[in-house]
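Data first, discussion second: the structure below is written as structure tokens.
The values are calculated or read from the model by the stated rules, or taken from the named source; none is laboratory data. Just so you know, these numbers come straight off a predicted model, no measurement behind them. Neighbour counts run over all protein chains shown; Cβ positions are idealised from the backbone, glycine included. Just the protein is used for accessible areas: all its heavy atoms, side chains included, with ligands, DNA and RNA removed. Shrake-Rupley method; radii C 1.70, N 1.55, O 1.52, S 1.80 Å.
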Amino acid sequence: MIIKTFGLILFFSLSESKNNFRPNLPLGEYRLVIDKVYPCGSRINHSVQFNIYSSKKTSNITEMKGNITFLTPFNDNLAVDINFSSWGSTGGWIPNYYIFRGKKACSNLRNLTGNSWFTFVKAFNIPTDRCPIPVDTYITSGYDLTKFEDNNLPKVFFYGKYKVVVRYKNVENKEVGCMVSEINFIRPWETPI
């Protein structure tokens, strides 16, 4: 009897059963879902102007549309300030959850975005994928935001809803450009809401 029981346990443990273990941990590998993209409120005297918005193409494809205008070259003389706000348990944004500040805005942005930089540059018809980006207005008819998942951001992060404010500053530390994204870090097996 013991041999039969052991045989059955061995058979079931070695059979090719699908592993459906899905832990509900607060952090881990994620899928990045970008819900909204829009410019910051005040754009007066900005030399980097984001005239962009997000648009639902289908129920599971969100695109970025609009244009980006560079009145001065987008180069490494600018600094970048990225501020994550987390969505609070009682509602409302809690600022300064994660902060990234760096000089050389163009190179840092290119490095952080990884391979999605090249699809972004192509979608906006920017003539070069290197820094600096020349003065001009670059228009897109639609950039699929799921392509942004191919980036160099940390591969493990806390799950949840975040608002990301990206500010560009000149050498005098004055804001010259600003945009906002509302994103979700979800578990790989979850579906976006």
(message) Need the C-alpha centroid separation for the range 111-159 versus the range 23-50, integer Å.
(response) 13
(message) Taking the solvent-accessible surface of protein heavy atoms with a 1.4 Å probe, what is the per residue accessible area of the range 113-188 in Å²?
(response) 50
(message) Taking a virtual spin label 7 Å from the Cα of residue 36 along the C-beta vector, which residues in the range 89-104 bring their backbone nitrogen under 16 Å of it?
(response) 91-95
(message) Here are labelled values, (i) 18; (ii) 28; (iii) 34, and one is the computed percent of Cα pairs over 31 Å apart for what I pasted. Which one?
(response) (ii)
(request) List the longest stretch of the chain that has no exposed loop site; here a site is one of the GluC sites (Glu not before Pro) assigned by DSSP to anything other than H, G, I, E or B, with at most 10 other Cβ within 10 Å. (result) 17-171
